[in-house]
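Below is one structure, written out as C-alpha cells; the observations come after it.
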Amino acid sequence: MSVRDIAQVSYDVIVVGARCAGAATAMLLARAGLRVVVVDRGRAGTDTLSTHALMRGGVLQLARWGVLPDIVAAGTPPIRVTTFHYEDEVIRVPIKARDGVDALYAPRRTVLDAAMANAAGAAGAELVYGVTAGDVVRDGRGRVNGLSVHDSEGGRVTLRAGLVVGADGLRSTIAAHVNAPATAAGRHASGVLFAYWDGLPDDGNHWHYRASSSAGVIPTNGGQTCVFAAMPERRFDEVVRGGIPDGYRRIVAEAAPELAALLPEASMASSIKGFAPEPGFMRQAWGPGWALVGDAGYFRDPLTAHGITDAFRDAELLARAILAGGDQALAEYQTLRDEYARGVFDATDFVASFDWSMEALQARHRVMSDEMNREVAMLRALEPPGERPGASRADLPGAGTPASGGAGLPPASGGAGLPRTTAVAASAFASGGAE
Ligand SMILES: Cc1cc2nc3c(=O)[nH]c(=O)nc-3n(C[C@H](O)[C@H](O)[C@H](O)COP(=O)(O)OP(=O)(O)OC[C@H]3O[C@@H](n4cnc5c(N)ncnc54)[C@H](O)[C@@H]3O)c2cc1C
C-alpha cells in the first residue's frame, strides 16, 4: 500500500514504528478488531543497533501471544543457563521451567522484529515501510487526531485516527511533537561495542563484571554468538579513539579473560557495532489523542538487557488501556508502566554507573530479580489476550467512552490484587538471567 492509499482510510489507531513495541501493540489491537496502520521509515526485516537477550517476561509474552513457535522454528537456540562472573566469582543459574517458559531466547532482531511484524500483519494491521512520520495533527481543542507522513518519493499525506501511538524508539519524533515531558532522568550511561562470532561454545548467557568493564556472551541464530563489551561513559571516547577493533578486544580481555582466551579459536562474523553512552529517561506516556510505548517513552541503559522485555510488557498494557477506552485508562497505563519499569530503571542506572563493589552489584541484581519476578507474575495474571471483535472507534480514548477496565487491565493501584513475588533464593541472580 502507498501513503496515498492509507490516507484514504480512517484508522482507529496509527502506530509509528514497526519493531518490538509497535508491532506488538498493533498485533494486539488488530486481534481485538481495531483498524490499525503501522508506519515505519525503515525497511521490513532489517537489523537494528541492539543486542537481543530476552528476559523471562519477554519470552513469556512471545509464548502468550503465540509467536514463540516462530522464534524457535527460526533456529533460535534455547538458553538454559545464565552464568554471572563477578570478577573471579562464578555463579551459574539454571533457567527453571516455570511460568510457561522453559528456556530463554535471544533471537536476532531480523528474526524477532520480522516475527512480530508478521503477527501484526496476520492479525489485520496494515504495515507500511518507507514512510516517515512528521508532525501530529490536532483538532480544534488540541487533541491529536492525525499524523503527517511522507514517503521516500516525497509523497506527503495526512493520516487520520483516534489515537497516534509513538513506538518510534529512543529519538521519538512523536514524543518530540507532542512535547512529552520527562518524568525521570538517569544519571549514568555505559558505552557498548558488540560483534557476532562463529565457533564459540554454546554454554548459555554469560555476564562478566569487573571494576570498570563488563562483557557478555549471548548465543543466537545461525550458531553464532553475540559478544559485547561495555564500559563506563568516562572510558568510551578513549577506547573508541584508540581504534574500535583494538578497544573491543581490550575490554573483552579485561572483563572476561577466560572468554578472550577462546576468541583466537573462533572467527568474528560481523563488523563491530558501537552504541555511545546515552542516559536513561522516562517520559509522560500519554496525552489527548497520543500515547508512547517502548523506547519512545522509556529508555534504560542497554547493560541490563531489559528493553525488549519492557517493550513487550508495555505493548500489552497499552493495548489493554486502548481497548478499555478513555483517557483514564491511558493514565492507568502510565501508572502501571511506571510501577513495573521504575525498579529496573533505577537498578540499571546503578549498574551503568560502574560505581559499585561486587557485593553491591550482586545485591542490586537480586533487587532486579525481584522486580522481574513481579513483572512475570503480573503478566501471568493478565487474562490471555483474545479476540474482541466488537471493539470499535467508539471505544477509543477521547471518544467519550469512560474507562471500563473491562479489557483485563489490571488495577493501577500499585498492583493490588496481582500476585506478588515471593522471596527469591539467595543464588537467584537476575540481571540478564531472569531467575
Ligand atoms: C547497544 C544496545 C544493546 C541492547 N541490548 C538489548 C538486549 O540485549 N536485550 C533487550 O531486551 N534490549 C536491548 N536493548 C534495548 C532494545 O534495543 C530497545 O529497548 C528496543 O529496540 C526498543 O524497541 P522499540 O520498538 O521501542 O524501538 P526501536 O527498536 O528503536 O524501533 C523503532 C522503530 O521506529 C522507526 N521510526 C523511528 N522514527 C520514525 C519516524 N519518524 N517515522 C517512521 N518510523 C520511525 C524506526 O525505523 C524503528 O524501526 C539494547 C539497546 C542497545 C542500544
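No lab work stands behind these numbers, since they all come straight from the coordinates. It should be emphasised that the depicted structure is a prediction, and the values quoted were computed from it without experimental measurement. FYI the Cβ positions are ideal-geometry reconstructions off the backbone, even for glycines, and counts take in every protein chain you see.
Here the Karplus curve 6.51 cos²θ - 1.76 cosθ + 1.60, taken at θ = phi - 60°, turns the phi angles of segment 183-188 into couplings of 10, 7, 10, x, 10, 10 Hz, with x standing for Gly and Pro. For the chain, a Gaussian network of Cα nodes joined below 10 Å ranks Pro279, Pro94, Pro201 by mean-square fluctuation, and the top entry is Pro201. The charge dipole of segment 190-275, taken about its Cα centre with unit charges on the Cβ atoms of Lys, Arg (+1), Asp and Glu (-1) only, comes to about 300 debye.
Ranking Ile174, Val72, Ile218 by Cα position along the charge dipole of the chain, where only Lys, Arg, Asp and Glu carry charges on their C-beta atoms, puts Ile174 farthest toward the positive end. Normalised by the number of residues in segment 190-275, the mean separation of alpha-carbon contacts (under 8 Å, six or more apart) gives a relative contact order of 41 percent.
Residues whose amide H comes within less than 5 Å of that of Asp135, counting only those at least five positions distant or on another chain, are Ser148 (H built at 1.01 Å from N in the peptide plane). Placing unit charges on the Cβ atoms only, positive for Lys and Arg and negative for Asp and Glu, gives the chain a dipole magnitude near 840 debye about its Cα centre.
Rounded to the nearest 5, the antiparallel percentage of DSSP beta bridges internal to the chain is 70%.
Using the Cβ-Cβ distance between Ser267 and Arg160 with R0 = 56 Å, the FRET efficiency computed as 1/(1 + (r/R0)^6) comes to roughly 0.60.
Would you calculate a helix-derived [θ] at 222 nm for the chain, using -39,500 (n - 2.57) for each DSSP H run of n ≥ 4 and dividing by the full residue count, to the nearest 500? Counting only the DSSP helices, I get -10500 deg cm²/dmol. For segment 248-262, the Karplus equation 6.51 cos²θ - 1.76 cosθ + 1.60, evaluated at θ = phi - 60°, returns couplings of 4, 5, 5, 5, 4, 5, 6, 7, 9, x, 5, 6, 4, 5, 7 Hz by residue, with Gly and Pro reported as x.
For segment 132-288, a/c is not less than 1.5, where a ≥ b ≥ c are the root eigenvalues of the C-alpha gyration tensor, and a/b tops b/c. That puts it in the prolate class. Taking label points 7 Å from Cα along the Cα-to-Cβ direction, Asn179 and Ala63 give a separation of 4.6 nm. Given R₀ = 60 Å, FRET efficiency for Ala211-Ala73 by Cβ-Cβ distance, to 0.05? E(calc), rounded to 0.05, equals 0.90. Which residue fluctuates the most in the chain, going by a Gaussian network model with Cα springs under 10 Å, if the choices are Thr309, Thr220, Thr158? Taking springs between Cα atoms under 10 Å, the residue moving most is Thr158. Between Glu383 and His150, the simple spin-label model (points 7 angstrom out along Cα→Cβ) gives 4.6 nm.
Comparing Ile91, Ile251, Ile174 in a Gaussian network model of the chain where C-alpha atoms under 10 Å apart are linked, the largest mean-square fluctuation is found at Ile91. Centroid-to-centroid, using Cα positions, segment 293-316 and segment 1-70 are 14 Å apart. Ranked for footprinting exposure by Cβ neighbours inside 10 Å, fewest first, Thr335, Thr51 give Thr335, Thr51.
What is the helix-to-structure angle for 109-122, meaning the angle in degrees between its Cα long axis and the longest Cα principal axis of the chain, kept from 0 to 90 and rounded to the nearest 10? Tilt of helix 109-122: around 20 degrees.
Exposure proxy for Leu193, Leu292: other Cβ atoms within 10 Å of each Cβ, ordered fewest to most, give Leu193, Leu292. Label positions at Asp246 and Asp135, each projected 7 Å from the Cα along the C-beta direction, are separated by 4.9 nm.
Across segment 131-142, rounded Karplus estimates of 3J(HN,Hα) from the backbone phi angles (6.51 cos²θ - 1.76 cosθ + 1.60, θ = phi - 60°) give 10, 9, 7, x, 7, 7, 10, 10, 7, x, 9, x Hz, Gly and Pro being marked x.
A P(r) calculated from all alpha carbon pairs of the chain, with 10 Å bins opening at zero, reads 5, 23, 32, 25, 12, 3, 0 percent.
For segment 190-275, the square roots a ≥ b ≥ c of the C-alpha gyration tensor eigenvalues yield an a/c of 1.5 or more together with a/b exceeding b/c, which makes the shape prolate. Using the Cβ-Cβ distance between Ala363 and Thr46 with R0 set to 41 Å, the FRET efficiency works out to roughly 0.55.
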